[in-house]
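The values are calculated or read from the model by the stated rules, or taken from the named source; none is laboratory data. This is a predicted model, so every value here is computed, not measured. Note that each Cβ is placed from the backbone with ideal geometry, even for glycine, and that neighbours are counted across all protein chains shown. We work out accessible area using only protein heavy atoms, side chains counted, and drop any ligands, DNA or RNA first. Shrake-Rupley method; radii C 1.70, N 1.55, O 1.52, S 1.80 Å.
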Amino acid sequence: MTRTLIHGGLVITASDEVHADVLIEHGRIAALAAPGVLTADRTIDATGKYVIPGGVDAHTHMELPFGGTFASDTFETGTRAAAWGGTTTIIDFAVQSVGHSLREGLDAWHAKAEGNCAVDYGFHMIVSDVNEHTLKEMDHLVEEGVTSFKQFMAYPGVFYSDDGQILRAMQRSAENGGLIMMHAENGIAIDVLVEQALARGETDPRYHGEVRKALLEAEATHRAIKLAQVAGAPLYVVHVSATEAVAELARARDEGLPVFGETCPQYLFLSTDNLAEPDFEGAKYVCSTPLRPKEHQAALWRGLRTNDLQVVSTDHCPFCFVGQKELGRGDFSKIPNGLPGVENRMDLLHQAVLDGHISRRRWIEIACASPARMFGLYPKKGTIAPGADADVVIYDPHAEQIMSAETHHMNVDYSAYEGRRTTGRVETVLSRGEPVITEREYTGRAGHGVFTPRSTCQYLT
Ligand code: URP
Ligand code: ZN
Ligand code: ZN
Ligand code: ZN
């Protein structure tokens with residue numbers, strides 16, 4: 001039996017910061033003890049470092065088909081990059097295509113991921129076609145550990161659901177314990193504004209931000225909340241970017257409704273200034289919901305502090321600038337939507353600690369513990385406690401780095417944070433006790449990561 005001891009570090013969880021040694025046995029945390037009390041066969045020195053739970057990124061899109069192309073990270077490259085960035089669990093979105101079953105979609109995503117992942121993974125299911133059959137399938141998926149379902153109020157003709165389909169899926173999830181995740185933007189209205197903008201010759205990437213108005217995010221968020229209230233179902237709104245949408249969530253939560261919100265680093269650190277970069281460079285920042293004017297960032301940080309927003313995920317959905325983002329030259333509506341970021345999230349949020357936006361424990365809460373709780377992975381994932389999977393990151397809070405496509409591990413030809421200096425860096429990463437990153441060398445392997453079935457949302461109990 002190999003016993004590994006991480007000694008000398010500051011163990012940070014969502015609830016505590018303690019100088020403690022962490023004992024690992026059989027891939028799990030066996031004990032936390034006062035420094036120097038325990039011994040082991042193998043030791044990892046964490047003196048002067050943080051010992052934190054591996055990150056849980058509850059929103060990724062490896063290999064997503066979108067706009068006639070595919071997100072450029074595979075499960076292999078994307079989970080390796082996740083590990084480099086201190087994330088040891090991803091929850092990716094399996095896609096049901098219209099006219100096909102949920103089962104077909106889920107099987108296809110299992111086939112893409114199985115044997116290829118460096119770290120553990122789960123799936124949400126994108127429901128693009130609500131009918132009697134798919135409603136029944138939702139029950140089976142919940143039993144199999146796919147306990148959350150994404151619906152889209154945007155993208156008519158692709159992933160879009162109308163209000164009736166949304167209400168039916170919410171009613172079903174109220175019965176089977178599933179959690180509806182909503183892409184809240186009024187896609188029907190947005191498509192009118194897209195058509196009008198293009199007719200005026202407004203084709204540059206920055207118009208993507210102008211037509212996808214904050215008010216249309218707020219309206220959809222409000223409507224989703226009311227539909228969930230009618231259905232008696234909880235609701236999780238993904239990639240919240242607008243002040244007005246945060247206000248809708250905050251008001252509903254003040255009324256005691258079980259509604260939750262996620263935001264992403266791009267909305268906290270980037271803005272419409274990036275979308276307006278010349279020479280089509282703005283295309284690198286096209287995602288939906290869109291980046292907002294800088295003024296919105298304060299509301300997102302406040303929401304994270306007040307717990308009106310509970311989770312920061314990446315919505316990692318990379319498309320290369322060359323050959324992919326370029327599909328939208330001359331027509332912003334043809335730029336594939338999505339940003340890379342699975343490798344950057346833990347570092348950017350650590351920088352937010354240094355910048356005074358959030359506390360250290362809140363960093364771990366929004367990036368590890370809350371996503372694990374929200375999606376039924378806690379306390380297996382998201383914390384350092386006896387019995388938890390030994391998904392552990394040794395984090396050097398003093399190391400400086402400069403984010404760049406030259407040095408990152410995501411399979412994409414640009415960084416959304418090119419040239420940004422941050423303090424704090426992942427040194428070593430364990431996944432179920434196995435070293436995936438060892439003192440900044442990749443020591444993991446494709447196939448170590450396994451599908452991780454989830455229970456229902458633990459944020460409600
Ligand atoms: O622009 C984005 N967010 N692309 C990924 C698909 C989605 O809506 O989450
Ligand atoms: Zn043993
Ligand atoms: Zn979305
Ligand atoms: Zn997404």
Whichever residue in the stretch 230-250 is touching a strand residue (DSSP E or B) at 6+ places or on another chain (Cβ under 9 Å) and more than 26 Å from Ser271 (Cα to Cα) and, among such residues, is farthest from ligand 2 (Cβ to nearest atom): Ala231
In the stretch 165-177, is there at least one residue being away from ligand 2 (no atom under 16 Å from the Cβ), of a type in the set (Asp, Glu) and not in a helix (DSSP H, G or I)? no
Being open to solvent by less than 40 Å² (accessible area, probe 1.4 Å), more than 16 Å from ligand 1 (Cβ to nearest atom) and over 25 Å from the mean Cα position of the chain (by Cα) is the filter; apply it to the stretch 165-201 and report the residue that is farthest from Thr60 (Cα to Cα). Ala197
Taking the stretch 38-52, which residues are out of contact with any Leu (no Cβ under 8 Å at 6 or more places or on another chain) and polar (S, T, N, Q)? Thr47
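Every residue, every condition in (1) within 21 Å of Ile366 (Cβ to Cβ); (2) touching a strand residue (DSSP E or B) at 6+ places or on another chain (Cβ under 8 Å); (3) within 16 Å of ligand 3 (Cβ to nearest atom); (4) modelled with pLDDT of 95 or more, yes or no:
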site	(1), (2), (3), (4)
Met1	no, yes, no, no
Ile6	no, yes, no, yes
Leu10	yes, yes, no, yes
Val22	no, yes, no, yes
Gly27	no, yes, no, yes
Flag for Val158 being of a type outside the set (D, E, K, R), open to solvent by 30 Å² or more (accessible area, probe 1.4 Å), modelled with pLDDT under 95 and on the phi < 0 side of the Ramachandran plot: yes
Assess whether Val412 counts as being of a type outside the set (Ser, Thr, Tyr), assigned to a strand (DSSP E or B) and either modelled with pLDDT of 95 or more or open to solvent by 10 Å² or more (accessible area, probe 1.4 Å) (or both). no
Which residue pairs have Cβ atoms closer than 6 Å, lie 6 or more positions apart in sequence or on different chains, and pair a first residue in the stretch 312-341 that is without any contact (Cβ under 8 Å) to a residue 60 or more places away in the chain with a second residue that is part of a loop (DSSP other than H, G, I, E, B) and open to solvent by less than 10 Å² (accessible area, probe 1.4 Å)? Lys325/Phe319; Lys325/Ile335
When Ala220 is run through (1) among the hydrophobic types (A, V, I, L, M, F, W, C); (2) within 21 Å of Pro371 (Cβ to Cβ); (3) open to solvent by less than 20 Å² (accessible area, probe 1.4 Å), the failure sits at (2)
Quick check on my filter: what residues within the stretch 300-319 are surrounded by fewer than 23 Cβ atoms within 10 Å (Cβ to Cβ) and either more than 13 Å from Trp363 (Cα to Cα) or of a type in the set (Val, Ile, Thr) (or both)? Arg302, Gly303, Thr306
I'm told Ala276 meets every condition in (1) out of contact with any Pro (no Cβ under 9 Å at 6 or more places or on another chain); (2) of a type in the set (Gly, Ala, Ser); (3) surrounded by fewer than 23 Cβ atoms within 10 Å (Cβ to Cβ) except one. Can you identify the failing condition by its number? (1)
Only one of Ser359, Ser333 is farther than 29 Å from Tyr459 by Cβ and surrounded by fewer than 20 Cβ atoms within 10 Å (Cβ to Cβ). Can you tell me which? Ser333
Of all residues in the stretch 278-293, which are closer than 15 Å to Lys213 by Cβ, touching a Gly at 6+ places or on another chain (Cβ under 7 Å) and within 13 Å of ligand 3 (Cβ to nearest atom)? Pro290
Would you mind listing the strands (runs of 3 or more DSSP E) fully within the stretch 1-114 where at least 3 residues are within 16 Å of ligand 1 (Cβ to nearest atom) and either farther than 20 Å from Glu427 by Cα or open to solvent by 40 Å² or more (accessible area, probe 1.4 Å) (or both)? 55-60, 87-95
